[in-house]
2 protein chains.
Amino acid sequence: MNAFKSRNTVDTSDGKTSVEAIQNEILRRICFLDYEPGIQLKEAELAVEFGVSRTPIRDAIGRIKHLGLVETRNGVGTVVVTLTPDQIRHVYEMRLQLAGLIGTMSPREATGKDLVRITDLLNAAIELELEFDARAYVELNDLLQDLIADLIGNTLLKSFWRQAYFQAASTWYRVASLAGSEVALSLVQELRELKEALERNDMVAVGLVQRIHIGYGYQRITRFLSCRNEET
Amino acid sequence: MNAFKSRNTVDTSDGKTSVEAIQNEILRRICFLDYEPGIQLKEAELAVEFGVSRTPIRDAIGRIKHLGLVETRNGVGTVVVTLTPDQIRHVYEMRLQLAGLIGTMSPREATGKDLVRITDLLNAAIELELEFDARAYVELNDLLQDLIADLIGNTLLKSFWRQAYFQAASTWYRVASLAGSEVALSLVQELRELKEALERNDMVAVGLVQRIHIGYGYQRITRFLSCRNEET
DNA sequence: CTCAACAAAGATGTATACAGCTGGATAAGA
DNA sequence: TCTTATCCAGCTGTATACATCTTTGTTGAG
């Protein structure tokens, strides 16, 4: 919670408007579990933290409502939603299908830049394998999602891919923390396969690799979440 | 533009909050071409019309930004975006794929209520065939989209289906106005096929019928839009 | 001791004033 | 006449005051 009190402003050097930056930051915090499900976001607090009034904060929150990750009730506050097992299943079923479409729907050509990016990610993942850190894993995965999204030519598919990722992220990252270094190993393998697919400029393969590993990810979720059900 | 000046308020009898109702109304006006692409939406005007201040209007507009149908620029206004041919193609490619998923991804069982709804729509479409009216056609089609969306069990697929519909709607409805009663005939056929599929409780068939007619729709768009390119 | 009514604190929802930005009209100079 | 600088009307962006709703703790009677 107060881990962010030190940050008075958000980086707006990218030319985006301030409210867009705030929106992305809040979304990141939800996906990365800085805001855990059930937590109450107070506009006044966020306003103080970002050094603006409540108005842009309300704007930012309002613009991520469509993802269904937060819910605002009058007089109460904005709470981060806990996804039901059914919802999680729906999200993953959808992601599997979307992954299958990556290669077939007007993909972009892979460039040298993409190869550099994937290689950097692979190296980082290999380092992570040696000394696992959940936060670093999460940020690595996030960069990978960005890379994949960039390869998608179809505007709408790209949008849907990102939306599905945002909805899956927090659950997936919770499981990743529990699973530990096992997921780093899996990520290294995924990145190796993606790198080869990109080298061959085979976007269908890229999609299929994603599909496979999304399936693995969902298996881990069901495994770890059924354990947690006993706890709760 | 001033066709709406008479409506001072929006119907909030459904228990939804006022801003949600405004949001839906603005979205409807964009999809139904009451607001044509290029038009400038002014918050102050809308505020007067709906009898509220600018704040809820801004909220409502902010919440439909993610659909990419409007674009707000500081000091200028919020303009309704003109979709490029590429974007339209992307939307329709996506709708084709989504239609194929309707039957396969946890569909809901068809109930008697659904049959009543589809029968009502069919009767209305048959009437429309006799005396075509673009506006009535548009509203009929909108009801059909609602019906189909209700049949989708997967939460995320339903959300994506609606988003894709909203993005396609304005273009499709422009073409429908140009095409005239031809589209009413096509709608009757579509509804007949859907009715039979629902009677058999065959959701895969429902999806395939949608897929077929979305394809027909896109063919019409390319046909009429290439004509319009010469005009412009 | 229990329960109900009430009051107060704190959250979001809304209205409004003002600041900042943009595009076009206007007028001065070459 | 053409160009350019300036000004201004009008829009969005932001801050702030106030209204309304919810929760919770308190206080009183039974």
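For region B:132-144, 3J(HN,Hα) computed residue by residue from phi via the Karplus equation (6.51, -1.76, 1.60; θ = phi - 60°) reads 6, 9, 4, 4, 4, 4, 4, 5, 4, 4, 4, 5, 4 Hz, glycine and proline entered as x. Semi-axis lengths, largest first, of the ellipsoid equivalent to the protein assembly as shown are 38, 29, 22 Å, with √(5λ) applied to each eigenvalue of the Cα gyration tensor.
Lys/Arg Cβ at +1, Asp/Glu Cβ at -1, dipole of chain A taken about the Cα centre: which of A:I102, A:T155, A:L194 is farthest positive-ward? Ranked along the dipole, the leading option is A:T155.
Taking the Cα centre of the protein assembly as shown as origin and assigning +1 to Lys and Arg Cβ atoms and -1 to Asp and Glu Cβ atoms, the resulting dipole is close to 500 debye.
Take A:Q40, move 7 Å from Cα toward the beta carbon, and the resulting point lies 4.4 nm from the same point in each other copy, nearest first. Across all directions, the average projected area of the convex hull around the alpha carbons of region A:155-232 is 5.8 nm². Ascending distances from the A:K113 label point to its copies in the other chains, with the point 7 Å along the Cα-to-beta-carbon line: 5.1 nm. The shape of region A:58-148 can be summarised by an equivalent ellipsoid whose semi-axes, obtained from the alpha carbon gyration tensor, come to 31, 20, 15 Å from longest to shortest. Normalised per residue, the accessible area of the protein assembly as shown is 48 Å², obtained with a 1.4 Å probe and no contribution from ligands, DNA or RNA.
What pairs in A:K158/B:K42; A:K113/B:K42; A:K158/B:K113; A:K42/B:K158; A:K65/B:K42 have C-alpha atoms more than 32 Å from each other? From the list (A:K158/B:K42; A:K113/B:K42; A:K158/B:K113; A:K42/B:K158; A:K65/B:K42), the Cα-Cα distance tops 32 Å for A:K113/B:K42; A:K158/B:K113. Distances between placed amide hydrogens fall under 5 Å for A:V70 paired with A:V81, all partners being 5 or more residues away or on another chain. Burial of accessible area (probe 1.4 Å, heavy atoms of protein chains only) in region A:127-165, relative to its chain alone, reaches at least 50 Å² for A:L156, A:F160. Compared with the dominant Cα axis of chain A, that is its longest principal axis, helix A:18-31 is turned about 70°. Here the 3J(HN,Hα) profile of region A:168-184, calculated from phi with Karplus coefficients 6.51, -1.76 and 1.60 at θ = phi - 60°, is 8, 4, 4, 5, 4, 6, 5, 5, 4, 5, 6, 6, x, 5, 3, 6, 5 Hz, Gly and Pro shown as x.
Take the accessible area of chain B alone and of chain A alone, subtract that of the pair, and you get about 2200 Å² summed over both chains, using a 1.4 Å probe.
Given the Cα atoms of region A:85-231, and with Rh set as the inverse mean 1/r over their pairs in the Kirkwood sense, what is Rg to Rh to two decimals?
On the Cα set of region A:85-231, Rg over Rh gives 0.96.
With θ taken as phi - 60° and the Karplus curve 6.51 cos²θ - 1.76 cosθ + 1.60 applied, the whole-hertz 3J(HN,Hα) list for region A:100-113 is x, 8, 4, x, 8, 9, 5, x, 7, 6, 6, 10, x, 4 Hz, x standing for glycine and proline.
Around the amide H of B:L41, modelled in the peptide plane, lie the amide H atoms of B:T78, B:V79, B:V80, all under 5 Å away and 5 or more residues distant in sequence or on another chain. Of the accessible area of the protein assembly as shown, computed with a 1.4 Å probe over protein heavy atoms only, carbon and sulfur atoms account for 50 percent. Computed over chain B, the per-residue total of -39500 (n - 2.57) for DSSP H runs of n ≥ 4 gives a 222 nm mean residue ellipticity of -23000 deg cm²/dmol, rounded to 500.
The values are calculated or read from the model by the stated rules, or taken from the named source; none is laboratory data. Note that the coordinates shown come from a computational prediction; the quantities given were computed from them, not determined experimentally. All Cβ positions, glycine included, derive from the backbone under ideal geometry; neighbour counts span all protein chains shown. SASA here: full protein model, heavy atoms, side chains in, ligands and nucleic acids out. Shrake-Rupley method; radii C 1.70, N 1.55, O 1.52, S 1.80 Å.
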